[in-house]
Amino acid sequence: MHEKIFEMKPLSLSQIQAFLDVVELGSFSAAADRIGLSQPAISLQVRELERHLAVKLVERVGKRVQPTPAGLSFVEYAQRFRDLNRAAAEEMTRYADGILGRVRIGTGATACIYLLPPILKQLRRRFPSLEIIVSTGNTDEFVKAVEANTIDIALVTLPVSSRSLEIIPILDDEFVAIGSSSRTMPEVVGNEFLALQPLILFEPGGSTRFVSDAWLRSQGKDAPKPVMALGSVEAIKEMVRADLGCAIVPGMAVEDRRGSTNLGVRPLMPPLHRTLAIIIRKDKRLYPGLRETLTALKAIKPTA
């Protein structure tokens, strides 16, 4: 008996639907009209189902076709089979239409704060059921994560080198020097001035700290040691507001006037900038949710 059960072929949805229609309408001809098939075709599907299950499912009582005791018991399972199939088809259609899905995005903390919110808001408005997971980290981490397909797409700082990734530059972000509004600063800040100030920089290991240190060494001098190294640009700004030192930060972090209150913002000389880029696997399948996210990121602009 167990061997027979395991050897049974999967149930046919068309046979299931034919059986349910015959039971509901009490007639092979009426079921045939509903489905748009001939009466012999409907009769054949029900007979095939009975043969498959090795049990009689329907019988004629007078002018009506009614389920046998076995058929009556089978109705509940047939309905669940049909409903589950419909639910699965509807769910997959929603994915195909881009309504559902999951997109995993990696980005630096600064870009997460100042670039992503309006983009994510727009995506959520258009696709309320699209699940977007955002993680923050540094460029090296995300290059490895995208290559390994543990995240779908990342916003990183160039340069990036990888044969498996498509690299799409989208934004040039110029760095600036900041100090408290009470601190006297030249109109254009060079590394000679900053070498004399207590410096508050990003933590080592990230691309932002790397380019800052390279700029501070640009005249052949050792980069001054910071008095603080913090992981958050907002924390850096708060320390600068408290007049605990000066900092070098991405320009996008102070473009919003509300965010630069009580801060003096100066351009650097020589200028320092970074290029942000999207990275995604070249062989990544762009299902609709991911495709819409990629399109939105390509159009990204800093918040003014």
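Does any residue of segment 265-288 turn out to be under 16 Å from VAL211 (Cα atoms), among the β-branched types (Val, Ile, Thr) and surrounded by 21 or more Cβ atoms within 10 Å (Cβ to Cβ)? So far as segment 265-288 goes, no, none of its residues is under 16 Å from VAL211 (Cα atoms), among the β-branched types (Val, Ile, Thr) and surrounded by 21 or more Cβ atoms within 10 Å (Cβ to Cβ). Scan segment 148-166 residue by residue and report those that are more than 24 Å from SER212 (Cα to Cα), β-branched (Val, Ile, Thr) and assigned to a strand (DSSP E or B). The one that is more than 24 Å from SER212 (Cα to Cα), β-branched (Val, Ile, Thr) and assigned to a strand (DSSP E or B): ILE153. Residues of segment 122-147 that are part of a helix (DSSP H, G or I) and under 13 Å from the mean Cα position of the chain (by Cα): LEU123, ARG124, VAL146. Within segment 27-59, work out how many residues are assigned to a loop (DSSP other than H, G, I, E, B), more than 16 Å from ALA70 (Cα to Cα) and at pLDDT 90 or above. Going through segment 27-59 one residue at a time, the tally reaches 2.
Go through segment 44-76 and count every residue that is surrounded by 15 or more Cβ atoms within 10 Å (Cβ to Cβ), under 17 Å from SER12 (Cβ atoms) and more than 49 Å from the chain's Cα centre (by Cα). Selection size over segment 44-76: 1. Of the residues examined, THR261 is one that is within 27 Å of LEU216 (Cα to Cα), hydroxyl-bearing (Ser, Thr, Tyr) and at pLDDT below 90.
Got at least one residue in segment 84-98 being under 30 Å from PHE127 (Cβ atoms), part of a loop (DSSP other than H, G, I, E, B) and in contact (Cβ under 8 Å) with a residue 12 or more places away in the chain? Checked segment 84-98: at least one residue is under 30 Å from PHE127 (Cβ atoms), part of a loop (DSSP other than H, G, I, E, B) and in contact (Cβ under 8 Å) with a residue 12 or more places away in the chain.
Among the residues of segment 101-140, those identified as crowded, with 19+ Cβ neighbours inside 10 Å and more than 27 Å from PHE175 (Cβ to Cβ) are GLY101, VAL103, ARG104, LEU123, PHE127, LEU130. Residues ILE280, ILE236, ILE248: which one is of a type in the set (Val, Ile, Thr) and farther than 16 Å from ASP173 by Cβ? Every option except ILE280 fails the conditions.
Within segment 170-191, if we keep just the residues that are open to solvent by 80 Å² or more (accessible area, probe 1.4 Å) and in a strand (DSSP E or B), the residue that is farthest from ALA214 (Cα to Cα) turns out to be ASP172. For segment 149-169, a residue qualifies if it is under 30 Å from PRO267 (Cβ atoms) and either open to solvent by less than 40 Å² (accessible area, probe 1.4 Å) or touching a strand residue (DSSP E or B) at 6+ places or on another chain (Cβ under 8 Å) (or both), and the qualifying residues are ALA154, LEU155, VAL156, THR157, LEU158, VAL160, ILE167, ILE168, PRO169.
The values are calculated or read from the model by the stated rules, or taken from the named source; none is laboratory data. Every value quoted in this text rests on a predicted model; they were computed, and no experiment measured them. So basically every Cβ, Gly included, is an ideal-geometry build from the backbone, and we count neighbours across all protein chains shown. Only protein heavy atoms, including side chains, enter the accessible area calculation; ligands, DNA and RNA are left aside. Shrake-Rupley method; radii C 1.70, N 1.55, O 1.52, S 1.80 Å.
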